[in-house]
Amino acid sequence: MAAPITSEPAPPPARGYWRSNQMRIAPWLFLAPGMVFFAIYVVLPIFQSFHISLYRWDGLGEARYIGLQNYERLLDDPAFYTSLWNNLRWLVLYLLAIPGGLFIALFLNQQVRGIRLYKSLFFFPFVISQVVVGLVFAWFYNPSIGLLNPILGLFGAGPVNILGNPNTVTYGIIAAGLWPQVAYCMILYLTGLNAVDPEQVEAARLDGAKGWKMLWYVILPQLRPATFIAVVVTVIGALRSFDMVSVMTNGGPFGSSRVLAYYMFEVSLSEFGFRMGYGAAIAVVLFLIMMVYIAFFLWRMWREERGY
Amino acid sequence: MFPTPVERRSAAIQASYKALLPIALMMWLLPLLMVALFSIKPDADFTQGNLWGLPSSFAGFENYTRVFTDSAMPRYLINSIFITVPTVIGAVALSCMTGFALGVYRFKGNIWIFFMFVAGNFVPFQILMVPVRDLTVNMGLYDTRMGLVLFHVAFQTGFCTLFMRNFIRALPRELIEAARVEGVSEIRIFWYVVLPLMRPAIAALSVLIFTFIWNDYFWAVVLTQGVESQPVTAGITAFNSQFRAAYHMMSAGSIIAALPPVMMFFLMQKHFIAGLTLGAVK
């Protein structure tokens, strides 16, 4: 590195439109391709769906404007209420992934030999596609070949046909959905626990804090960012549940495991006919529910940004 | 460290912790272990009711070979690759630029454009379904891999922009300022100053998007329908109806379909977790 530093000749004074305006133009130049794609495939379709929901349309022929009739029909549609109710159950029960993930993270937050491999193996259900998770659990529950009933038999319970019974089917699917979601929350908390300030923990220990008290008053407050992300991804995941319902039951038996995301698909793209307008109306309802959470998330981000 | 490290506890607790680990793992992965066991069993075990015992003979090799020789699975896997890889490249390329624009420049509307990307990334797919399907049909891209790739690139740009922008925000600004003082053009700053620093973010994002897209099922069902273009998540349904009630084959097929993202995860674990937990720590 002993080479003499030859100073480059200073650049000529800025000339031309680009030179003098590049600070203003450059951001838009870099944004343009991404924004165009995003506008065409994401932003515009949201408005189009609102628009389509005001029409009766089979996807091919002429669309007929019918105002709010699709929404009025929703109010009298028992399948819509079943889906909505199931979505609510998903939303509430799916949140169990958060304490579940925290529990496993606490269990694995040690430094014994091979623990890294254990952490990866506990995490990897999240990497598997939901389709395969759905299949795996459907077979696990299956009364003729599944392992669930023999296990229940050991405790003198069962046999049960979880996916065949309208009263249990949604819980069965949610349990399957929890499996990868718990793994996700676990990894969030493991990362969070890594960053917990050891001095605070030691100080609290000297003050006699341990167990639950330590967890509640010292550890959890420091895990706030992890908890926030866990809540966001879990809520969004719950409202997005489609793959599992489709793979495990097709919404059955007797439509009892439908959720809004699945019902919308069924109405618009299935053998029961292509009712695009009605489907769009269901999608709008789902979108509005989701919007509450999106707004909350953006509001938090905005508050943080101001802190910069 | 919390909880108290087991090294500081009694020998008995240490020993029981180490014994508990493998048991807990077995219970956690039980459904998957069952399917793995099924996939190496011969057909005869199922007809004779030997479901959970040891396989009467090792048929793993045979079952997995049949997945590749007797079904359209290879075709679906190839489709998945040709959908996933271009999407990863496209989405990462677009978001390097959008992330750079939103992370480096201060201009009016910056935060609103950023919020648009973030919000768009969270919307339910169903609100996009009918118009996107329509658009794809009108472009003549229905039931093609290209149709899926274009949509995925656009949609993933939302999440990727969030990721890249936050990453670039955390880079030292002095580097960019110094280059500007030297008279380096903005495009060269992007290419020669910022892009090399973004390598870890690009790696993390690539593995994440690879997994997301490989595992996508909804759009595969909405935008494609035949063996020519369907990825493996959608193809597995057709595979299962071909091998109806042949649980050893269905199990082997599912494991094959799930494998590529799993391998990606184990190979690129550090990047994967870094990407997934972005924001979990302040």
Among B:268, B:249, which is the only one that is more than 8 Å from chain A (Cβ to nearest Cβ), open to solvent by less than 10 Å² (accessible area, probe 1.4 Å) and in contact with a Ser or Thr (Cβ under 9 Å, 6 or more places away or on another chain)? B:249
Yes/no for residue A:276 being open to solvent by less than 20 Å² (accessible area, probe 1.4 Å) and touching a strand residue (DSSP E or B) at 6+ places or on another chain (Cβ under 9 Å): yes
Top-ranked residue of segment B:226-238 - restricted to ones that are in contact (Cβ under 8 Å) with a residue 40 or more places away in the chain and surrounded by fewer than 22 Cβ atoms within 10 Å (Cβ to Cβ), ranked as nearest to the other protein chains (Cβ to nearest Cβ): B:238
Checked against (1) free of Cβ contacts under 8 Å to residues at least 12 places away in the same chain; (2) assigned to a helix (DSSP H, G or I); (3) not charged (D, E, K, R), residue B:253 satisfies every condition except (1)
With respect to residue B:207, determine if the residue is modelled with pLDDT under 95, surrounded by fewer than 22 Cβ atoms within 10 Å (Cβ to Cβ) and either of a type outside the set (Gly, Ala, Ser) or touching a strand residue (DSSP E or B) at 6+ places or on another chain (Cβ under 8 Å) (or both). no
Whether any residue in segment B:96-108 is farther than 30 Å from residue B:252 by Cβ, in the same structural domain as residue B:190 (by TED's automatic domain parsing), open to solvent by less than 20 Å² (accessible area, probe 1.4 Å) and free of Cβ contacts under 8 Å to residues at least 12 places away in the same chain is what I want to check. yes
Of all the residues that make up segment A:139-165, how many are over 21 Å from residue B:249 (Cβ atoms), in a loop (DSSP other than H, G, I, E, B) and among the polar types (S, T, N, Q)? 2
Can you pull out every residue in segment B:1-28 that is within 7 Å of chain A (Cβ to nearest Cβ), open to solvent by less than 50 Å² (accessible area, probe 1.4 Å) and assigned to a loop (DSSP other than H, G, I, E, B)? B:2, B:3, B:5
Suppose we filter B:71, B:80 for residues that are on the phi < 0 side of the Ramachandran plot, surrounded by fewer than 24 Cβ atoms within 10 Å (Cβ to Cβ), touching a residue at least 12 places away in the same chain (Cβ under 8 Å) and out of contact with any Leu (no Cβ under 9 Å at 6 or more places or on another chain); which single one remains? B:71
Restricting the first residue to segment A:7-32 and requiring it to be over 13 Å from residue B:180 (Cα atoms), which pairs with a second residue that is of a type in the set (Phe, Trp, Tyr) and at pLDDT below 80 meet a Cβ separation below 8 Å and a spacing of at least six or different chains? A:25/A:18
Could you check residue A:243 against (1) acidic (Asp, Glu); (2) within 30 Å of residue B:245 (Cβ to Cβ); (3) free of Cβ contacts under 8 Å to residues at least 12 places away in the same chain and say which number it fails? (3)
Can you tell me which of A:124, A:155, A:140 is without any contact (Cβ under 8 Å) to a residue 40 or more places away in the chain and either closer than 26 Å to residue B:233 by Cβ or of a type in the set (Asp, Glu) (or both)? A:140
Hey, does segment B:183-196 have a residue that's under 25 Å from residue A:123 (Cβ atoms), within 9 Å of chain A (Cβ to nearest Cβ) and open to solvent by less than 10 Å² (accessible area, probe 1.4 Å)? no
Counting only helices (runs of 4 or more DSSP H) entirely within segment B:53-172, those with at least 1 residues that are at the interface with chain A (Cβ under 9 Å from one of its Cβ atoms) and touching a Cys at 6+ places or on another chain (Cβ under 8 Å) are B:73-104
For residue A:146, indicate whether it is under 19 Å from residue B:28 (Cα atoms), small (Gly, Ala, Ser) and surrounded by fewer than 19 Cβ atoms within 10 Å (Cβ to Cβ). no
Only one of A:211, A:192 is closer than 23 Å to residue A:115 by Cα and touching a Pro at 6+ places or on another chain (Cβ under 8 Å), namely A:192
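The values are calculated or read from the model by the stated rules, or taken from the named source; none is laboratory data. All figures in this text were calculated on a predicted structure; none of them were measured in a lab. Positions of Cβ are generated from backbone atoms using ideal geometry, with glycine treated the same way; all protein chains shown enter the neighbour counts. The protein model used for the area step is the full one, side chains on, heavy atoms only, and it has no ligands, DNA or RNA in it. Shrake-Rupley method; radii C 1.70, N 1.55, O 1.52, S 1.80 Å.
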